[in-house]
Amino acid sequence: MKDPRMQKLAQNLVGYSVNVQPGENVLIEMIGSERDLINAIVEEVAKAGGHPFVQLTDKTTQRAMLMNAAEEQIKTWAAIDLNRMKQMQAYIGIRAGENVNDLADVPEKNMKMYNALYNHPVHSEQRVKHTKWVVLRYPNASMAQLANTSTEAFEDFYFDVCNLDYAKMDRAQDALAELMKRTDKVRITGPGTDLQFSIKGIDAIKCSGQANIPDGEVYTAPVRDSVNGVISYNAASLYNGVTFENVVFHFENGKIVKAASNNNERINEILNSDEGARYIGEFAIGFNPYILHPMKDTLFDEKIAGSLHFTPGQAYEIADNGNRSSIHWDLVLIQRPEYGGGEIYFDDVLIRKDGIFVLPELEPLNPDNLK
């Protein structure tokens, strides 16, 4: 018997997130071995009059490819998949790997080459800019382990998060997006953090289920050279199969001049990928009411209630500060009291304290009002 929650999720992905129209080509990409959700999405795309196409990828096979990657091989791989992506009007990406650390021992030079020659042209340039897209995870045992829950409990959590009323959230985001568009100076304070920058003249984008599931953030970007101070992230982050903890960045005139973590050598290798990797491409405020604790999965962690993320690397052209890079690394700072608290100020006015919005027009984004 089909799980009705899964069918509802498939309906939401097809009808709301990417809004499939008759005749549109839709690429459904699964990294992992789950099939039920793919089949449900295929059915919903067909019902909408679209044409579903499916790509199945095994993470261990991807590791074998990357361990033995050559530059010409990756260029050919990218050319093939870029041609396919150019024929798509929509993309639904599902990640369900059995081991999140499968790529941990791939040499950093190979990952850099893959990110620059494959991910950048196929996904950053073509898929993100030219398709209606949404990416999500699948609730398997591996994800339950990351969340420190039973598989059944994680499935319940997953469907609460993914089948949230995102249309209601979208309306509640209007006031924050408009405030960010009017703001010049931002200051973020908290334990180990005192950071200042400008977001003047850069657009603010609402995220309410059209590009990510789960969702729940409004993002912009700092003026590239305006960032000064220090930020201490308190959510562990998995990047290219390696876990980073206790990440601290010091900024001078926009540039990360000092970076520390549990793996100083590897983090600096990432930040030395290219010139733009030491500058910030995104500043976002997260508020999904069901996501409270980090689980080393960016799609969930960057939406944590009472969080923000401050992202080294590529800026989105829709909220552009001009920064270009082969990386885009969403690192998360949680400001709820149990994580040490903290404040966000816009033009010297306190807008959020200890993870709770304090301005009346922003209160609809607080957890009790979004559930």
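The values are calculated or read from the model by the stated rules, or taken from the named source; none is laboratory data. As the structure is a computational prediction, the values presented were derived from the model and not from experiment. We place every Cβ from the backbone using ideal geometry, glycine too, and count neighbours over all the protein chains shown. Heavy atoms of the whole protein, side chains included, go into the accessibility calculation; ligands, DNA and RNA do not. Shrake-Rupley method; radii C 1.70, N 1.55, O 1.52, S 1.80 Å.
Among the residues of segment 256-295 satisfying the criterion of being assigned to a loop (DSSP other than H, G, I, E, B) and among the aromatic types (Phe, Trp, Tyr), which is farthest from residue 159 (Cα to Cα)?
Once the filter is applied, the top-ranked residue is 279.
If the Cβ limit is 9 Å and pairs must be 6+ apart or interchain, which residue in segment 124-146 that is of a type in the set (Ser, Thr, Tyr) and modelled with pLDDT under 85 pairs with which residue that is crowded, with 18+ Cβ neighbours inside 10 Å and part of a helix (DSSP H, G or I)?
Correct list of pairs: 138/37; 138/158.
Kindly list the number of the only condition in (1) touching a residue at least 60 places away in the same chain (Cβ under 8 Å); (2) more than 18 Å from the chain's Cα centre (by Cα) that fails for residue 260.
(1)
Can you pull out the residues in segment 322-349 that are crowded, with 22+ Cβ neighbours inside 10 Å and of a type in the set (D, E, K, R)?
330
Is at least one residue of segment 231-251 among the polar types (S, T, N, Q), part of a loop (DSSP other than H, G, I, E, B) and open to solvent by less than 10 Å² (accessible area, probe 1.4 Å)?
First, the residues of segment 231-251 that are among the polar types (S, T, N, Q): 232, 234, 237, 240, 243, 246.
In the following step, the residues that additionally are part of a loop (DSSP other than H, G, I, E, B) were identified as 234, 240, 246.
With open to solvent by less than 10 Å² (accessible area, probe 1.4 Å) added as a condition, the list becomes none.
No, that holds for no residue.
Tally time: how many residues in segment 165-214 are of a type outside the set (Asp, Glu) and under 30 Å from residue 37 (Cβ atoms)?
The number of residues fulfilling the criteria is 17.
Exactly one of (1) touching a Gly at 6+ places or on another chain (Cβ under 8 Å); (2) of a type in the set (Asp, Glu); (3) under 25 Å from residue 141 (Cβ atoms) is unmet by residue 34. Its number?
All conditions pass for residue 34, except number (1).
Inside segment 126-158, can you point out the residues that are under 25 Å from residue 365 (Cα atoms) and either outside any helix (DSSP H, G or I) or touching a Leu at 6+ places or on another chain (Cβ under 7 Å) (or both)?
The answer is 133, 134, 135, 136, 137, 147.
If we keep just the residues of segment 252-270 that are of a type in the set (D, E, K, R) and more than 28 Å from residue 203 (Cβ to Cβ), which is surrounded by the fewest Cβ atoms within 10 Å (Cβ to Cβ)?
265
Within the set of pairs 6 or more residues apart or between chains, which connect a residue that is at positive phi and touching a residue at least 12 places away in the same chain (Cβ under 8 Å) inside segment 222-240 to a residue that is open to solvent by 30 Å² or more (accessible area, probe 1.4 Å) and not in a loop (DSSP other than H, G, I, E, B) with Cβ atoms less than 6 Å apart?
229/194; 229/196
Could you tell me which of the residues 277, 319 is open to solvent by less than 10 Å² (accessible area, probe 1.4 Å), modelled with pLDDT of 95 or more and closer than 20 Å to residue 187 by Cβ?
Checking each option against the conditions leaves just 319.
May I ask you to list pairs of residues, at least six apart or on different chains, whose Cβ atoms are under 8 Å apart, with the first in segment 340-354 being aromatic (Phe, Trp, Tyr) and the second being part of a strand (DSSP E or B)?
As it stands, the answer is 345/185; 345/186; 345/187; 345/188; 345/189; 345/351; 346/185; 346/186, since those pairs meet every condition given.
Limited to segment 128-179, what total is found for residues that are under 30 Å from residue 203 (Cα atoms), of a type in the set (A, V, I, L, M) and surrounded by 15 or more Cβ atoms within 10 Å (Cβ to Cβ)?
12
Kindly provide the set of residues from segment 64-88 that are under 30 Å from residue 17 (Cα atoms) and open to solvent by 70 Å² or more (accessible area, probe 1.4 Å), ordered by number.
80, 83, 86, 87
Need pairs with beta-carbon distance below 6 Å; first residue under 26 Å from residue 226 (Cα atoms) and within segment 168-183, second buried (at least 16 other Cβ atoms within 10 Å of the Cβ) and β-branched (Val, Ile, Thr); sequence gap 6+ or separate chains.
Once the first residue is under 26 Å from residue 226 (Cα atoms) and sits in segment 168-183, its partners that are buried (at least 16 other Cβ atoms within 10 Å of the Cβ) and β-branched (Val, Ile, Thr) give 173/218; 176/218; 177/218; 180/220; 183/199.
Any chance you could count how many residues in segment 186-206 are touching a residue at least 40 places away in the same chain (Cβ under 8 Å) and in contact with a strand residue (DSSP E or B) (Cβ under 6 Å, 6 or more places away or on another chain)?
Residues meeting the conditions: 12.
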